[in-house]
1. Near the amide H of residue A:155, under 5 Å away, which other amide H atoms are found, from residues 5 or more places off or on another chain, if H is placed in the peptide plane?
2. What are the ³J(HN,Hα) couplings of segment A:28-38, residue after residue, when phi is run through the Karplus curve with 6.51, -1.76, 1.60 and θ = phi - 60°? Round to Hz, x for glycine and proline.
3. Could you work out the relative contact order of segment B:31-153? I mean the mean sequence separation of Cα pairs under 8 Å and 6+ apart, divided by the number of residues, in percent.
4. Just to confirm the filter: which chymotrypsin sites (Phe, Trp or Tyr not before Pro) across segment B:151-205 are DSSP coil and have at most 11 other Cβ within 10 angstrom of their Cβ?
5. Which of B:158/B:505; A:278/A:341; A:75/A:105 have a Cα-Cα distance over 19 Å?
6. To the nearest Å, what is the center-to-center distance of segment B:176-219 and segment A:255-330, using C-alpha atoms only?
7. Nothing charged except the Cβ atoms of Lys and Arg (+1) and of Asp and Glu (-1): what's the magnitude of the dipole of the protein assembly as shown about its Cα centre? Round to the nearest 20 debye.
8. So how far apart, in nm, are the two label points at residue B:181 and residue B:532 if each is 7 Å from Cα heading toward Cβ?
Amino acid sequence: MSVSISINQVVKRFGERMIIPGLSVKIREGEFFTLLGSSGCGKTTLLRMIAGFNTIEEGTIHFNDTIINNIPPHKRNIGMVFQNYAIFPHLTTAENVAFGLKNRKMNRSEIDAKVMEMLKVVKIDDLKDRLPSKMSGGQQQRIALARAIVIQPDVLLMDEPLSNLDAKLRLEMRSAIKEIQNRFKITTVYVTHDQEEALAISDRIAVMKDGIIQQIGSPVDIYQRPYNTFVATFIGQSNLLDGRIVRMGDELGIELVNGYRVAAPELNADVFEGQEVKLLVRPNHFELNQDIGLEGQVIDSTFLGMHIQYRIRLVNDQTVEVLDQDMTKSIAPKGAHVKLKINAQLCNVFDRKTEVSIVRGVTRGE
Amino acid sequence: MNKGHRIKWDVWLAITICALALFALFFIYPIVKIFANSVIDPETKRFTLEAFQKFFSRKYYTSTVWNSLKVTTLVTLLAATLGTAMAYVMRSIRIRGRGILEIFIIITVLSPPFIGAYSWILLLGRSGVVTEVIDKLFGIQFNGIYGFSGILLVLTLKLFPLIYLYVSGALKNMDNSLNEAAENLGTVGIRKIFKVVIPLILPTILAGSLLVFMRALADFGTPMLIGEGYRTLPVLIYTSFISEMGGDAAFASAISVIVVVITTIIFLSQKYVASRKTIEMSSLRPMEPKPAKGLKNVLAHLFVYLIVFLAALPQFVVIYTSFLKTNGRIFVQGFSFDSYISAFSKMGSSITNTYLYSIAAILIIVVIGTLVAYVAERKRNVLTGTLDTLTMIPYIIPGSVLGIALLTAFNQRPLLLSGTAFIIIAVFVIRRLPYTIRSSAAILHQISPSVEEAAQSLGATPLKTFRKVTLPMMVPGVMSGALMSWMSVISELSASIILYVGTTKTLTISIYTEVIRGNYGVAAALATILTATTVIALLIFFKLTGRKEIDM
C-alpha cells in the first residue's frame, strides 16, 4: 500500500553546518517525485532523513498520518536503491531479493514464489543462483531494484541509482524503473543531479539549492516556466539577456541591447515600464537571419547533424548559444555578422534584482 | 552521512564499554603501574627519581641505550635498502623461481628471530662450520661474529623481508604508466628509480621501516644469544628484572619507561612524516616483470638468490641439525630422530601449550578485534575513538616491557594471575590485537555503509544486519588475518619469557632455554616443528585466500 509523504519544516544540521534550513513538501500517493540539484544541495540528506539514516533535528515527516521521526529505519517499510547498488556480495541474486522477505516471517514457499516473480519483472530470473560479484552494474542494479520492491514497501527511495552505469545502460534502466514504478504505483522519491534524467522519469520535480526547494512542478512546468533564474539555468541550456520593460502600443515589450525590442509574454500585473529584467532565451528560440534582431558575430559553429550550434558574440560582448534547426540554409561562417530574432512569447522574463519570474501564472509550486 | 557524535545506549555501547574495561585492566593498568613503579620507592612509597639517577649516572647503563639505537638504526637502514632493492628487482625483472623465493622470504619473516641467531652461531660462531673453514683456509683465528656485527647480520636478514613485502605491495599499486611517463620524459635507469619510484613508495618504506625499527629495538632473543658483551635495552630489562625479582623492580621499570619513551618518539615522528607524504595510488595496469638480458639478468638473479639464500639459511641449518645423531649434547656422525624423540618426551607439554594458548589467543583476538574495529569504524563517538587509540598503544610497547608490566600488575591477590596460562594468553592477545583491529578496520572500510543500510531498509535490525551482512562479508579477510596473527603468536618470545613458569612453557621458550643449555639438537627439533607448523599454516592461508602474498 502506498502512502503520501508530508515533510513539514524539517531542519538538518551537521555540527555547525546548516544543510536544510526548514523544508516543507508534500509527496502524493503513488507519485514519482524527484529531488534534483547539484551535489551538496541537500537532496541526498533529505532522502536519508526519509529513510531514517539521518536524524531529523526539527520538524516532522509523516507517512500518511503517522509521524515517522522516531521510527528506526528497519521498521519504516521502505525500499531503498543506492548509487553503488549495495548488493550483498555473499548472497546469490535470489538470496539478495529474499533478504527483506525473510525479515518479514513469511513461509519458504511464499518467499520463493515472490522472489521468482520479481526476478522475472526485472528480467534477471536466469541469474538467480549466481553471486553478484561477476555481474554487470546494470544487472546488480536490477537486483537492487527487485530487492527493494519485493517487500511491497510504502515508499521507494532511490539515491542516484543510475549514475554508476554507462550511458546505454542508464537509458535502459531508466525505462525499466519508470515501467516498474508505473506498474506497482509505489510512492517514489528519486534523487538525481541529472536534469535530463529527472525530466524523463518524473511525475513532479523539486529543484533544490542550498537545502531550499527552488521550484516544484511537472517536468514541463519546470522546463518551460522556471520560477527563477537558478532553475532556468539549471534546467536545459539557456541564455540570459539584460533588458528593460517598455511600452509597445497596448502591450508591454522588452528592449534589449542596441535597442532591439520584442513583445513580451503575458506578465504579472505589477510589472512597470522601465523595470530592469532578464530575458531567458533557450538556444532554439533564436532565429538566425540577416534583417532584424540582435546584432552579433559568429565565433564558431558546430555541425551536429540535426542542427547547427553557434556561439555568437553580441555587441555588448556577451556570448550566446544558438541552435539553428533550419538545415536548408548554409552554415554561417566564422566572423560573419548576423542578426538574431527572438521568439519572446516562448521566453521567460525575470526581475533583474529578485531573479524571480514575472511571467503571469508562474509560481514556486508546492 | 550521520557521524552520530551523540552516544546512544545500545548493544554497541555495551560492547565498547566492556572492551574498554578489559583493555584498561589488562593493558593500561599494568603499564601505568610500571610507570608508577619507576618513580616510587618500593619501601617508603615516596616519589623518587633514584632509579633514573642510577641509570643515567653509570656509563654501563647509558651505553646500552646507544648500543640499542646504533644497532637498531643500522638494521633499519640496511633492511630498508635491501628490502626495497629486492622488491624492485623482483617486480621489474623476471626472476626464475620467483614463487618459491617469495615463500622462503615469508617463512623467514614468520620464524622467531633468535632461531637465526642460533643458526648463525652454528655457522659463524667460535666453533662454527664456516668459521673453521675460514680458519683453515686463511690460517687465522677468526673469533666468530658475536656482538654488534652478529646482531646486525641476524636482524637485517630476518627483518628485510618485512620491507620487501610492504614495498612489493606498493609497487603492485603503482601504475606502469607512471614508469612509462617518466621514461617518455627522458628519465631512465637509476635516475628514474630515485626521482620517480622511490618518492612514490616512500610512505610505504617509512611504514615498513617503523615496523622494522620497533621489532629490532624490542628484540630480546637475538642480542641475548649472539650479543655477548654487546648489551641492548631488552637484555638489560630482562637481566635486571630477573636477577632483581623481589628486590629493586623500580630499576627495571625505569629502563622500561626509557624504552617506551624512545619508541613513542620514533612512532610519532614516523606518523608525522608519513602524514605529510601520503600518496594515494591505484593501478589499472601494474608493473610487469620483464625478462632482462645478458649481464643484467645474471646479476639480478645472483643478487636475489644470494640474499634469499642467506635469509633462509638459518632454517636449513636448523632442519639439518635436527636430524643429526646426538649423544647427550654432543653431535656424532650420522643422522637420526634422536632429537625429535627427546624433544617429544621432554618437551611434549610445551608443544601442546603452544597450540592451546595460541588458538585460545586467536579466538579472543578475532572476537575482540572484529567488534572493536566495527564500533571504531561504524559507531564513531568519543568512547569508540578512545578505544581505537588505546588499542594502538601496544604497537609501541616492546614485549619485554609488557611482560614485566603484566607480571608486576598481577602477582598478588586478588589479581593473582602470574604463572597461569591465562597471563600468557593475555600477553599474546594484547601484542597482536592492534594488527587485527587495523586489518579488520581496513576490511570494514572496503564495505560500503550503504550495504548495511540496505539491510536495515529491508527490515533487518541493527544486530541482525551485523550478523547476516557485515560479519559474513568480513569473515574471509578476518580469517586470513587471524591465520597471520596465529603464525606470529606462536613465535612470540620476549614477553612470554618473563611470564612463563615450568608448566606454561611454549615452544619458543623451550627452544630458547634448550639453546642456552647447549642442547642444540633438541632445540633444532623443536624449531623445525615450529617452522613446519608455520609452513602448513601458510599453505592453508594461500589455499584459503587464493593469494600468493601476505600482509603483515
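The values are calculated or read from the model by the stated rules, or taken from the named source; none is laboratory data. Computed from a prediction, not measured in an experiment: that's the story for all the values here. Cβ: placed from backbone, ideal geometry, glycine included. Neighbour counts: every protein chain shown. For accessibility, only protein heavy atoms count, side chains too; no ligands or nucleic acids. Shrake-Rupley method; radii C 1.70, N 1.55, O 1.52, S 1.80 Å.
1. Here A:79 satisfy the definition.
2. In residue order, the calculated couplings are 7, 4, x, 7, 9, 10, 10, 9, 10, x, 7 Hz.
3. Working: 55 pairs, mean separation 18.4, N = 123.
Once normalised by length, the contact order is 15 percent.
4. Numbers: sites: B:164, B:166, B:194; in loops: none.
Listed in order of number, the matching sites amount to none.
5. Values: B:158/B:505 24 Å; A:278/A:341 17 Å; A:75/A:105 14 Å.
Flagged as over cut-off: B:158/B:505.
6. Centre-to-centre (Cα) distance: 58 Å.
7. Values: 93 positive and 69 negative charges, 543 e Å.
Around 2600 debye, computed over the protein assembly as shown.
8. My value for the distance between the label points is 5.2 nm.
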